[in-house]
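Encoded as structure tokens, the structure appears first; notes follow it.
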Amino acid sequence: MELLPRRIDAQLLRDDDLTHFDYFAMAVLTRADDHALRMSELAVLTNATRPRLSHVIARLEKRGYVARTKAADDGRGTEVRLTHEGRRKAIAATPGHVANVRDVVLDALAPEQREQLREIAYLLLERLDPEGQVAGLRRGDFDGR
């Protein structure tokens, strides 16, 4: 488990100059209405501390992938919006990322082992995130359930 994040980061850094967390935050924004979320909501959905998320968003903003604005409904909050260029970058990075995850994890397993891994992951997730807050990690999000 300690080696997997390095392998995923290495491919994204090499091919797309993104960390896995950069990619994940952008992917969450691609699925949000109008490709925008409040920073506080994005922090929950990415399971990030606010300082870490703020640092990553600042870096992505400098690269033109996101833009920050005051929240329309509350001037104290900040909204993060994925820019057109950011959406293009996330979409372009997806095939290589998916291929890498398949190569490193899924292709090493027989079909019945993949199903076992899915079930084990859901059981662990229900204990680690019982409220289902982390984006894209709820039972059924990717397997039609």
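Checked against the criterion of being farther than 25 Å from Thr19 by Cβ and among the small types (Gly, Ala, Ser), the candidates Ala58, Ala110, Ala93 yield just one match: Ala110. How about segment 37-60: which of its residues are more than 19 Å from Gly132 (Cα to Cα) and surrounded by 18 or more Cβ atoms within 10 Å (Cβ to Cβ)? Scanning segment 37-60 gives Leu53, Val56, Ile57, Leu60.
For first residues located in segment 112-135 and at positive phi, partners that are at pLDDT 90 or above and lie 6+ apart or on another chain with Cβ distances below 6 Å do not occur.
Counting only residues that are under 19 Å from the mean Cα position of the chain (by Cα) and closer than 18 Å to Ala32 by Cα, which one in segment 61-77 is least open to solvent (accessible area, probe 1.4 Å)? It comes out as Val66.
When you scan segment 75-91, do you find a residue that is closer than 23 Å to Pro5 by Cβ, among the aliphatic types (A, V, I, L, M), assigned to a helix (DSSP H, G or I) and at pLDDT 95 or above, even just one? Yes, that holds for at least one residue. With respect to Ala32, determine if the residue is at pLDDT 95 or above and of a type in the set (A, V, I, L, M, F, W, C). Answer is no for this residue.
Scanning segment 15-36 for residues that are touching a residue at least 12 places away in the same chain (Cβ under 8 Å) and open to solvent by 80 Å² or more (accessible area, probe 1.4 Å) yields Asp15, Arg31, Asp34. Against the conditions (1) within 27 Å of Glu131 (Cα to Cα); (2) free of Cβ contacts under 8 Å to residues at least 12 places away in the same chain, Gly75 satisfies every one except (1). Among the residues making up segment 27-67, those that are out of contact with any helix residue (DSSP H, G or I) (no Cβ under 6 Å at 6 or more places or on another chain) and outside any helix (DSSP H, G or I) are Ala32, Ala36, Leu37, Arg38, Asn47, Ala48, Thr49, Arg63, Ala67.
The values are calculated or read from the model by the stated rules, or taken from the named source; none is laboratory data. This structure is a prediction, so every number in the text was calculated from the model and none was measured. Methodologically, a virtual Cβ is constructed for each residue, glycine included, from the backbone with ideal geometry; neighbour enumeration extends over all protein chains shown. Keep in mind that these areas ignore ligands, DNA and RNA; they rest on the heavy atoms of the full protein, side chains included. Shrake-Rupley method; radii C 1.70, N 1.55, O 1.52, S 1.80 Å.
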